[in-house]
Amino acid sequence: MTDRPSARATVALVADDFTELPYPERESAPDGPLGWPGYGAARARAARRTGERESVICGTAHVGGVRAVLIAFDFGFLGGSLGERTGDRLVAAYSHARAHRLPVVPLVATGGSRMQEGMLALTQLQRVARESALTRAAGLPQIAVVRDPTTGGGWATLGAGADVVLALPGAQVGFAGSRVRPADADPAAYTAEAQVAAGAADALVGPEELRGTLGRWLRLLTRPSTAPVPPPPPLGATDLPATGWEAVGRARSTRRPRAAAYLDACLTDRVTVSGDRCGGTDPEGMLCGFGEQGGRTVAYAAQTGTATRPAGYRTAARLVRLADRLGIPVLTLVDTPGAANDAEAERQGAGAAIADLFGAVAAARTPVTTLVVGEGGSGGALALAAPGNTWATPDSYFSVIAPELAAAILKRPPEEAESTADRLRVRPQDLAELGVIRGVVDTPPA
């Protein structure tokens, strides 16, 4: 990506207006705090070239009708590098956001810390991290847009540290910049596309789509609600299964509606949260994001009917914690034969990932509603279920483990899987009678 628009051009790309904040003016020696020869002259040249006095501009703006604090880097000013004055501006921006209850949108394009200020520049990352943490604790969203390039400490704080990370296609994005990475390093690993694939960024967004996408995210993440999500009505069968084995067969049917159909039916204007921020994604096993329902925002984490990978559980836990901080109710859809149990899943920390999701759901203060829409296989399904507010569709089941595996554990022949399903009482009406779920959606009480 060779086109590197200025900070003000980038603001104009996404915002309807922009009012720059007043900045603290730090006094410094002509060649900076280290007396670096020629540093003062370099800053003066950068100011003449860009029309800016520092590498970042900060202000308030309306994006898609939502007022936010924008932080825009100008790569033309000393590579968008962070120095002491940059840190002062960033602190002022975050402080203003908290004082006025505004979301923060960093538009990042930086090579990292400014060499001519040495460790004084590097420690600005600690200041930024603290401001970001305080803003997170205040329940305000941070949505970063990473431009070309976003490397070094700017990526490791303002970029990757945001709640949601949107990346411009083709941008160089990574902790190691092009001049410091190993000579034999694969350049494709340091791209926006690679960061999305590795779960470190949520989505690629083209410049022409950036204003609309950013506005949608801001609208959805700035509408808290205290009311729980009502469980969606069933999209498949409405009559109850006669036997446990029939319940299992219905849930495993390829004709049964899946998570995507339920999300399409009950949510509009959806945006996707992708990636566990630990190097993994599970797009085939777990769908996470935010959508609109009746004029309010709902967060969702939905299993898709496959064995859920560790990255899927970690992404869901990330989603639940973000929704909890922002006061947004959560809908979870349970549908999995169980957690992935292959050797690679164990190497990726399946147990720890499931434990993390159990903990996130248990600790959530925002209301969580769960609907079992298909298979509920063991702890890999239960981790996503809300204690005390879980419902089931008539074409679902929930079991301590699949009936075939239960029979094997009990040393019974395979042909006893059917009778084992009955003994386990896996039907949705059995689960309601046992108190495991609150009820079966759209069926009369027993």
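Each reported figure results from applying straightforward, stated rules to the coordinates on display, with no laboratory input. In this text the structure is predicted, and so the values were computed from the model without any measurement. Heads up, the Cβs are rebuilt from the backbone with ideal geometry, glycines too, and the neighbour counts pull from every protein chain shown.
Assorted remarks:
- The calculated FRET efficiency for Leu13 paired with Ala265, based on their beta-carbon distance and R0 = 45 Å, is about 0.85.
- Neighbour-count ranking [beta-carbon atoms within 10 angstrom, fewest first] of Thr366, Thr151: Thr366, Thr151
- Here is the size of region 9-51 from its Cα atoms: Rg then Dmax, 14.8, 41 Å.
- Whether the chain is rounded, prolate or oblate, judged on the alpha carbon gyration tensor where a/c under 1.5 counts as rounded: prolate
- Normalised alpha carbon radius of gyration of region 244-440 [divisor 2.2 N^0.38 Å]: 0.99
- Relative packing of peptides 30-42, 301-313, 395-407 - highest average C-beta neighbours within 10 Å first: 301-313, 395-407, 30-42
- By the combined test of axial Cα extent (at least 15 Å) and Kyte-Doolittle hydropathy (mean at least -0.5), the qualifying DSSP H helices of the chain come to 207-221, 310-326, 350-363.
- Rounded if a/c under 1.5, otherwise prolate or oblate - region 7-221, Cα gyration tensor axes: oblate
- For the peptides 79-90, 227-238, the ranking by packing is 79-90, 227-238, with the highest mean count of neighbouring Cβ atoms within 10 Å listed first.
- Antiparallel beta bridges, as assigned by DSSP with both residues in the chain, represent about 40 percent of the total such bridges.
- The relative contact order of the chain comes to 11 percent, based on Cα pairs under 8 Å that sit 6 or more residues apart.
- Sequence ranges 108-115, 61-68, 17-24, ranked by mean other-Cβ count within 10 angstrom, highest first: 108-115, 61-68, 17-24
- Whole-Å distance, taken between Cα centres, linking region 152-223 and region 382-446: 42
- FRET efficiency, 1/(1 + (r/R0)^6) with R0 25 Å, evaluated for Ser28 and Val180 via beta carbons: 0.45
- Debye-formula intensities of region 66-189, expressed as log10 I(q)/I(0) at q = 0.14, 0.16 Å⁻¹, are -0.56, -0.72 (one equal scatterer per alpha-carbon, no solvent).
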